[in-house]
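Here the structure comes first, spelled out in structure tokens, and everything after it is commentary.
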Amino acid sequence: MFKNSLKFQADPIQFGTDGWRGVLGVDITIERFISVAIAATQELAYRAPEGLNKKVIVGFDRRFLAAEFAEAITSAVSACDLKPLLVNHPVTTPACSWAVLQHNALGALVVTASHNPPEWLGLKIKGPLGGSVDESFTKAVEQRLLAGGITIPIKGVVESFDCRKEHLEGLRKAFDIPDLLNGLNDMGLKVIVDSMHGSAAGCIGELFGDASKDCLEEIRINRDTLFGGNPPEPLEKYLQPLVSAVKESSIAGKQAIGLVFDGDGDRIAAIDENGRFCSNQLLMPLLIEHMAGIKEMPGCVIKTVSGSDLMTLVAEEFSREVLEVPVGFKFIAAEMLKRDVLLGGEESGGIGFGTHIPERDALYAALLLLEAISEGGITLANRLDALHNRLGKSFYDRIDIYLESKNCRVQLEELLRKNPPEYVCDQLVREIIILDGFKLRLGERDWVMFRFSGTEPLLRIYCESPSNEQLLNNLQWAKKFVENI
């Protein structure tokens, strides 16, 4: 069932790139969860700008016990003399961010472990502008927990609301969906949506309505708390059902593309008509091209340090400033609150838009991608081929290595900091970027990066190269480099 050995000792309560997560029954217990919820709610109240009401959105995804934990932490919100608004259905995390703005709330507490393995649960905290709270906020929450103040949860009648419906209505207003569907039908293109058993299940179908019966198919929409035995993360190795569905449709005479969302609906990936996996490294350049080049929308582009150089190359084609930030959408959200942003995205599939909310929203990204395809009348595969013909090919991948102990991390960090490699596969390391992790740049679209996960005991190795052969060689070198420590 589980991909790695299950641990038996709880880690200290610490927030990662987006929230607090851990193994249910080990790190995550109801007592710890309520304590974290109280500390987070107290900090939301302490930092609340003037003019907001006392509402706090409480949401949950489809994970095991997520609904029950969400109901339990409403008592934590009530204990802080605030008013919890509980969603009445499993929802995407972006829907909770949307609800914060619609209800003028102090923020949101969302019970989810996002894309993590099935045995995990967690809590995401959203601020009064809908985006993830920053590091100073989560550090303050950790300090409150260490201080050990006693607040007794208060049970009572809790108001619930249809968060999903409100979010979908907002998306309908942002896009001309009938026109989008007409364009897809004119192209003879079918869209197959894979929600990976997560909380985005059925959302596209509800948005498109009955008019989409000939051009839309949804798979893996049932609730499965084991997510088919894999993490609900939109990585190629977990998407065989979607790839098969796309290819089968083409064989049957109906050209198709696939869209996939992660467990809590804030990350996206795609499968083109040829069965090619399209991560954010390919989708973001296309969205930049559509928004900046075709629609002439304003704003800069923000990318995380682990993202593809293709994003930068396309942005520069349209004279857009590019900002590079550490991994974690909270860093992108912080910039979105300070300046005019076209879009901001991370390697893992999360994309946010300046015209929407300062947070990732996979459903919004999916509609925008379909709009680009529909309005241009050019299929996803052909658009990607045109991009590569213009700017050159780029090959990107990531591998994850499970860490047996914290000592492994300490040793590797010390080596990279004090004695970093001078060559990677006989290529000179021209620059070392330590904005987040250790990125060894060999040339344009040619680099290797080591970074430790903020939510799991994993080392992530990212790589981009101008050829697939070089990509595989660099990844193999990086893996051996780690194993030899």
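Every number in this text was worked out from the coordinates using simple rules, so none of it is lab data. Predicted model only: the values in this text are computed from it and were never measured. Note that each Cβ is placed from the backbone with ideal geometry, even for glycine, and that neighbours are counted across all protein chains shown.
Worth a mention:
- Total formal charge among the other residues, if their Cβ is under 14 angstrom from that of Val133, Lys/Arg +1 and Asp/Glu -1: 0
- From the coordinates of this entry, log10 I(q)/I(0) by the Debye sum over Cα atoms at q = 0.06 Å⁻¹ is computed, and it appears in (1) -0.26; (2) -0.61; (3) -0.38 under the label (1).
- For the stretch 395-483: rounded, prolate or oblate by the Cα gyration tensor [a/c cutoff 1.5]: prolate
- Across the stretch 317-334, coupling constants 3J(HN,Hα) worked out from phi with the 6.51/-1.76/1.60 Karplus curve, θ = phi - 60°, read 4, 9, 6, 9, 5, 10, 10, 10, 10, x, 5, x, 5, 4, 6, 5, 4, 4 Hz, and Gly and Pro carry x.
- Measuring nothing but how far apart in sequence close Cα pairs (under 8 Å, 6+ apart) lie, relative to its length, the chain scores a relative contact order of 13 percent.
- FRET efficiency for the Glu50 to Leu435 pair, using the beta carbon distance and R₀ = 35 Å, is estimated at 0.50.
- Three-way shape label, the stretch 121-175, alpha-carbon gyration tensor, a/c 1.5: oblate
- Spatial separation of Cα centroids for the stretch 383-461 and the stretch 130-200, in angstrom: 31 Å
- Contour minus Cα-Cα distance for Ile251 and Asn104 (0.36 nm per residue): 48.0 nm
- Under DSSP loop assignment and at most 16 Cβ neighbours within 10 Å, longest GluC sites (Glu not before Pro)-free interval of the chain: 51-295
- Counted by Cβ distance under 14 Å from Arg276, the other residues give a net charge of -2, where Lys and Arg count +1 and Asp and Glu count -1.
- Once the C-beta distance of Asn88 and Arg32 is scaled by a Förster radius of 35 Å, the resulting FRET efficiency is 0.85 to the nearest 0.05.
- Label-to-label distance, nm, for residues given as Asn484 and Arg417 (7 Å Cα→Cβ offset): 2.3 nm
- Each label point was placed 7 Å from the Cα along the Cα-to-Cβ direction; for Lys165 and Ser136 their separation is 4.0 nm.
- Residue-by-residue Karplus 3J(HN,Hα) for the stretch 293-307, coefficients 6.51, -1.76, 1.60, Hz, glycine and proline x: x, 8, 8, 6, 7, x, x, 8, 10, 10, 9, 7, 4, 8, x
- Full extension of the segment from Glu444 to Ile378, taken as 0.36 nm per residue of separation minus the current Cα-Cα distance, would add 20.9 nm.
- In nm, spacing of pseudo-spin labels at Lys406 and Asn274 (7 Å Cα→C-beta vector): 4.8 nm
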